[in-house]
């Protein structure tokens, strides 16, 4: 994957991916708790996302209420990452796991989960 995605594409995709998944997480947390909760994770997500949501509020349609604004932001970040960046940078995206940020997470998870198993199998056989 790293050979097919240019470095600039990765550098642009990583912060957009972090913001996208943070917005999705903030939306789901807001379902179960108050938006002004004192929970550390919620305060961190609010501090990270609310300036961006407030900046883009003049572009947001009126039917998007404040509680779903993070999900609306995540949708547009996904559209930018899945359609616009590959078009501009010239790389191919076929599925969600082909996006650079998600590919990094999947490969790191696979590496972390496969290390102990390989070590145990090496001891057994």
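Any read-out appearing in this document is the output of simple, stated calculations on the displayed coordinates, not a laboratory observation. Not measured: the values here are computed from a predicted model. A quick note on method: Cβ atoms are made from the backbone with ideal geometry, for glycine too, and the neighbour counts reach across all protein chains shown.
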With the calculation restricted to Cα positions, what are the radius of gyration and Dmax of the range 7-124 in angstrom?
17.7, 62
C-alpha long axis of helix 69-79 to longest principal axis of the chain, angle in °
50 degrees
Between helix 100-124 and the chain: long-axis angle, C-alpha atoms, 0 to 90°, nearest 10:
30 degrees
For the pair residue 52/residue 28, report the inter-label distance in nm, with labels modelled 7 Å from Cα in the Cβ direction.
1.7 nm
Specify the residue with the greatest mean-square fluctuation among 16, 29, 105, computed from a Gaussian network of the chain linking alpha-carbon atoms under 10 Å apart.
105
Test of understanding: in a Gaussian network model of the chain with alpha carbons linked when under 10 Å, which of 14, 99, 59 would top the mean-square fluctuation ranking?
59
Nearest 0.05, what FRET efficiency do residue 104 and residue 8 give at R0 = 22 Å with Cβ-Cβ as r?
0.90
Mind pulling the angle between the C-alpha long axis of helix 40-55 and the longest principal axis of the chain? Nearest 10 degrees, somewhere in 0 to 90.
60 degrees
Per DSSP helix of 4 or more residues, -39500 (n - 2.57); summed, then divided by the residues of the chain. What does that give at 222 nm, rounded to the nearest 500?
-22000 deg cm²/dmol
Hey, rough spin-label estimate for residue 89 and residue 38, points 7 angstrom out along Cα→Cβ, what's it come to in nanometres?
4.2 nm
Highest-fluctuation residue, 53, 65, 80 considered, GNM on the chain with Cα pairs under 10 Å:
65
Mind jotting down the three principal axis lengths of the range 1-45 based on Cα atoms? Whole angstrom, largest first.
43, 15, 11
